[in-house]
Each structure stands twice: as structure tokens, then as C-alpha cells.
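Notes for the one structure printed next.
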Amino acid sequence: MPRNDCSMRSSDLVVLVIGMTGSGKSRFVTKLTGHDAGEGHDLQSCTISVDLYSYTENGRRIFVADTPGFNDTHRSDVEILKDVAFLLGQLHVSRVRVGGILYLQPITDNRVSGSALRTFNLLREMCGAQGATSTALVTTKWDMLQSGNDYLAACAREKELKETLSFWGSMKNAGSQVHRWLGDELSARSIVRDLIYHTATRSNSWPVHQIQSELVEENRYLGDTSAGRTLVKHYDAACHKLETELDSLRSGLHGIADVTREEFERYKADIKSELRKLQLLQKGLRVSQRDLFDCKRRQYREIYDCAAHQDHEWESEKDPNAGAAAAADKRSSSRGAERWTRAKRFLERNALPLLGLLAGVGVIVAGAVLVQPLVIIAGANICAASVAAMDWGNAGAPPAAAGQSGAEGNRGKDIISGIEGLIKAFPASPTSAWAKNCSAYGK
């Protein structure tokens, strides 16, 4: 067993960072956590593309999941959606609270591209009405503006983003926050602090995101979720366009008389190849949360086992031969070396508790995966005290409903009694038969 604390605590929160490739996610996470987020994404062929980090805010651990960027040249949006869906689904099954989702968009983009609109639509459908209240829409790269005119143009773009209902306006009206990240640690920490406080005080319980409910409680296939249908619709349109082009080729249109037969056949083969790729992507959406769990759990377990061996080596530094045989097996191939490197980085980032939970071997202290009612109540009290004890910075003091008194000696008791109904440690238990059984899976 690794020497690190391998258990998720009842007060722990997970924050997801989502956005397109090039939106500034890695730079944001680096400033937020103090760990270099760029290095993890250099592992191109590693099976786990979500990078995990942690930092501590006034005694509370906050785990940060840096998800792969949508519209990437190396991975399809289907694969990236699977990564995010698995992560959110497993957190829901394990009753770990999502402190919020950060969606990053560069303010330097002159227009909203089709891929940016599609990525935002995926986010909106993943969150749903309830999850929108725990989402922050963050513009990045303000610190890269070169002049006053650039700043004025950026402000105009920000205003358009917030007011356009087909883009940020819809989620802003549903309760999402809008922030500017100024490029430094202070600004990043302030955004996350405000998001967590906003999430904790908007409703009687921590929000359940729509894709969590659809996958875990309703047992839908990924392609039948609201987010999945967004991709299905996109691929259907792309397939229809290619099929139309193919029909036109067969009819002798598009100036075929001006090209050679060889060029014609090559063009037709390219269209058919693209069609097959799109059809395979659509097929990839026919997976359930259990399918995702079976696949992703093995991948996370490989990294977790590497981390355990790495930790054992650190403990056995006086005996260089200790654990060497086990380590050699993991390093015997390029893929094994990447797993080993990623495991080491997860250890250095103190992300082992969340990694273990995703691998199916982790538990939650003071409210384990198989939770009993009395333990949940205890967990709720712990959560209430922890949330109220945070330094909310610019967010302002907790509302009067928090029940704070002037007497420091009774502060914890007053906080717990005052906001017990406002902040609960866990969402409602998933109702599906699989969700009830899945908690014990792999133990």
C-alpha cells in the first residue's frame, strides 16, 4: 500500500477543467495547483488522457481533473467525451462531490468557430439545468492583450459571449458564473473559490450533472444522453454531406470530365474512408456507464499499480534492489514506461486518492463507498463545517442562513446546525440496480 493517504475524505471536492485544445487549460491548472500541467500531456500514447492534480485550500483538499481538449488532432471528440463521462459517472457512483466545472475559452479568438460552438453545446448538455449552477465560464489570455484597443475589442467579445443565447447567454441565465482569468495564481484560486461557494449555496444539495443522472440512474448509453446526441447529430450531418458528395461523383458532377479516372477513384475512396471513420465514431457512442467502467477502470488500475510500486521504491531507497523486479516489468515497453512516468507524476501531485477511486480500489473516509445512513449524516456535518471554514476571499461572507454567531467557541456547532439543510455531503443515492452494485465492484 502506498504511503500516501489513499482515501478520499468526505470534505474533498473535485473540479473539472474543460475546453478546446489551445484554450489555456494546462496553463490555468499549472497556476492553480503549482504543478506543471504541460508535462502530463506530453504522454501522447498513454491510455489515460485525464491528468489529476490536487492542492489544499484552508485544510480542504481540492482535486483538479485536467481533461483533454476537444477538437484535438490526435483524439476524437467521442473518446474525449468518454473520458469526461466516465469521470463524472464514477464520482456520482462513489458519492464524491463535484465542486464545479470550469469551461475555458480564449478571449483572443475573434469569432466563435463551429467546433467551439459544438464543444460548448456538449458542455451545456452534460451539465443540464442543475449542473449549470455549478459551472464557471472562464475567458483566458487577458494577460496576452497587447494594447488598449485589444482590451476594448476583448471586452466587446466578452459582452457578445455573455449575451448570445446560442452561446454563453443560455448557461449564464441558468445560473452559471462568468469569470476572467488574468493569468496568475491569485486569479485562478479566486475563480475556483467563488465557484465552490456558488455551487454550495445555490441549492439544498450538491448539483447532479445531467450526464451523471442519465448514465448512472437511467442506465442510458452514452449516445442516448443529451451530450451524446449532440455528437450523433454532428456526425449524422457530416455523413449526409459525404454521402451527397459520393452521389454527385457517381452522377458525374463536380467537373469529373476534367480529371483522370485514377483521380476520380482516389477521391471516391477518400470519401468512403471518411464515411467509415464517422460510422465507427457513432458506433463508439453505444456504450453504457458500466462499459466505460470496465474499460477505464483497468486503465486507471494499471497506473495505480505503477504508483504503488513507485511509492514502494521511494520507501526502499536504502535498498536499491527492492521492488526492482516489479518495476522492470512496468518499464519493459514504451507504453509501460509512460504508465510509470504518469504514475510518478500522480504521486508527486498527491492525486493518489482520486486515482484509486477511479481505479476501483479507493474508499471515502467517514463515508465509504458503501455508505450507511448514519455515516451520511456524519459526513454531512463534516462537509458543512469544512465548507463554511473556507476563506471565501472576494466571494463575501456566507449568507445569514449559515447561522454564524460571534462566539468562536460555538462557531463550528452554529455552522453545522445552520447550513445542514443547505449543504449536504452527498447527492441522492443512484437508483439503478447497477449503481447499487457497482460501488463494491473491484473490492
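Descriptive notes on the structure:
- One residue from A156, A174, A188, A200 being in contact with a Phe, Trp or Tyr (Cβ under 7 Å, 6 or more places away or on another chain) and of a type in the set (A, V, I, L, M): A188
- Residue list for segment 261-277, restricted to those being farther than 12 Å from E245 by Cα and of a type in the set (K, R): R261, R266, R276, K277
- Pairs where the first residue, in segment 286-311, is farther than 11 Å from K82 by Cβ and among the basic types (K, R) and the second is surrounded by fewer than 22 Cβ atoms within 10 Å (Cβ to Cβ) and modelled with pLDDT of 85 or more, C-beta under 8 Å, 6+ apart: R286/Y221; R286/G223
- Residue in segment 239-249 that is under 27 Å from F120 (Cβ atoms), in contact (Cβ under 8 Å) with a residue 40 or more places away in the chain and buried (at least 16 other Cβ atoms within 10 Å of the Cβ) present: yes
- Residue within segment 217-231 that is assigned to a helix (DSSP H, G or I), surrounded by fewer than 17 Cβ atoms within 10 Å (Cβ to Cβ) and of a type outside the set (D, E, K, R) present: no
- Matching residues in segment 170-189 - criterion: being surrounded by fewer than 16 Cβ atoms within 10 Å (Cβ to Cβ) and in a helix (DSSP H, G or I): S170, N173, E185, L186
- For S203, the criteria (1) hydroxyl-bearing (S, T, Y); (2) under 30 Å from R60 (Cβ atoms); (3) surrounded by fewer than 17 Cβ atoms within 10 Å (Cβ to Cβ); (4) modelled with pLDDT of 90 or more hold in every case but one, which is (4).
The values are calculated or read from the model by the stated rules, or taken from the named source; none is laboratory data. None of these values were measured; they are calculated from a predicted model. Positions of Cβ are generated from backbone atoms using ideal geometry, with glycine treated the same way; all protein chains shown enter the neighbour counts.
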